[in-house]
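Student: Once you've had a glance at the structure underneath, I'll fire off some questions.
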Amino acid sequence: MEAAKAYVVRLLYRARPTASKPQILQRLEQFAPDMAPLDGDRKEGLLVFVRSDVPYEKAQWIATPSPLDEASCDEAWTEGLEQAWNWPEAPTIVSECKYEITVADLRAIDLPPARRLQMIQQVVAAILHSAPCDAIYWTASRSFVSPTEFLEVVDSLDANPWLAPGAIQIRQFRVVEYEDGAGADSHDALLDSVGLGTLGLPDVQCHFRGIDAQQVVPLLYHAACTLFETGRVAAGDAVAGIRPGQLWRHRGEMSLAPPRRTVIDIAPSGGYKAGIRD
């Protein structure tokens, strides 16, 4: 799977933010001493930063303040608010935001996924220390995150950046009918991850019935984290199920939920598998 050309994070504000370039740079240099402003101006100018260390020397990280563009609040944005299970205050707070700072990496596509994620997280953290925001929207994972929750953990996860809020979201869907009319009376559930595809890794999904979704969430989250860490879900072609001794087989296929992408589908055993796929 090809990584996205830019990894984008949107910092949302109720009031117009004022970001200090010296403060941001000072924070970034604590994490990466080779960090420098692209324009050479440490006091003013564009918020564009570069690193000289291999393999970062071609990458850039840019922060752009602007009024919040309502036209950019698309279906993924709406879905993120609907899926904000871990932050129920998100819809209210986000509706009050009028400004944003868009943070993006450029020419960073060749970085290893974990390094690329860790770098954008540190840039976001540096900006938040200078200009605290009210909400964060991670476009890669279509998720809204509390800035407080993010800052509380980001510096303790250097070795495992995928554990930080916003890196991975596990979405939950109720499937009530199939396109060809089959299974119209069924009430299957679909869980999937979002957040890995932007970094060139496959997301995971599980389509099932007869199981409490909350039992499956940890399994899917663990599988997504394993992909970040090793590039594989398991050593073989199955992962441990939700009960001792269970093996749930997996394979690559197209996602059932948008965005359309190749995912690793984990099929439950013991009659819990759903859908009309083979």
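Student: Based on the Cβ-Cβ distance of Asp74 and Arg261, what FRET efficiency does E = 1/(1 + (r/R0)^6) give at R0 = 25 Å, to the nearest 0.05?
Tutor: Using R0 = 25 Å, I get an efficiency of 0.90.
Student: While we're here: In the chain, which longest range has no chymotrypsin sites (Phe, Trp or Tyr not before Pro) that are both DSSP loop (not H, G, I, E or B) and surrounded by at most 16 other Cβ atoms within 10 Å?
Tutor: The segment 179-278 is the longest one with no such site.
Student: Given R₀ = 35 Å, FRET efficiency for Ser66-Arg115 by Cβ-Cβ distance, to 0.05?
Tutor: Between Ser66 and Arg115 the formula returns 0.80.
Student: Follow-up question, since we're still on this one. Using a Förster distance of 25 angstrom, determine the FRET efficiency expected from the C-beta separation of Arg107 and Asp237, and round it to 0.05.
Tutor: In this case the efficiency is close to 0.10.
Student: So what's the net charge close to Glu96: Lys and Arg +1, Asp and Glu -1, counting the other residues with Cβ under 14 Å from its Cβ?
Tutor: Taking every other residue near Glu96 into account, the sum is -1.
Student: Amide H of Ala164 versus every other amide H placed in the peptide plane: which residues, excluding those fewer than 5 positions away on the same chain, fall under 5 Å?
Tutor: For Ala164, whose amide H was placed from the backbone, there are no distant partners under 5 Å.
Student: Just the Kirkwood number for region 8-163, please: inverse of mean 1/r across all distinct Cα pairs, in Å, one decimal.
Tutor: Kirkwood radius, region 8-163: 15.9 Å.
Student: Between Asp212 and Ser20, with labels modelled 7 Å along Cα→Cβ, what's the label distance in nm to one decimal, could you check?
Tutor: Between Asp212 and Ser20, the label points sit 4.9 nm apart.
Student: For region 169-267, report the % of Cα-Cα distances exceeding 16 Å.
Tutor: Looking at region 169-267, the distances longer than 16 Å represent 54 percent of pairs.
Student: Separate question: Quick one: net charge around Ala19, please, counting Lys, Arg +1 and Asp, Glu -1 for every other residue with C-beta under 13 Å from its C-beta.
Tutor: Once all neighbours under 13 Å are counted, the net charge is +2.
Student: Helix-derived [θ] at 222 nm for the chain: sum -39500 (n - 2.57) over DSSP H runs of at least 4, divide by residue count, nearest 500?
Tutor: Helix contribution divided over all residues of the chain: -7500 deg cm²/dmol.
Student: Looking only at Leu157, Leu111, Leu11, which one moves most when the chain is put into a Gaussian network model with springs between Cα atoms under 10 Å?
Tutor: The residue with the greatest mean-square fluctuation here is Leu157.
Student: What's the center-to-center distance, using Cα atoms, between region 135-151 and region 1-46 in Å?
Tutor: Their Cα centres are 17 Å away from one another.
Student: Sticking with this structure for a sec: On average over all directions, what projected area in square nanometres does the chain have, based on the convex hull of its Cα atoms?
Tutor: Hull-based average projected area comes out at 15.6 nm².
Student: Between His207, His250, His222, find the one with the highest GNM mean-square fluctuation for the chain; connect C-alpha pairs within less than 10 Å.
Tutor: His222
Every read-out reported here was derived from the displayed coordinates using simple, explicitly stated rules and does not represent laboratory data. Since we're looking at a predicted model, the values are computed, not measured. Positions of Cβ are generated from backbone atoms using ideal geometry, with glycine treated the same way; all protein chains shown enter the neighbour counts.
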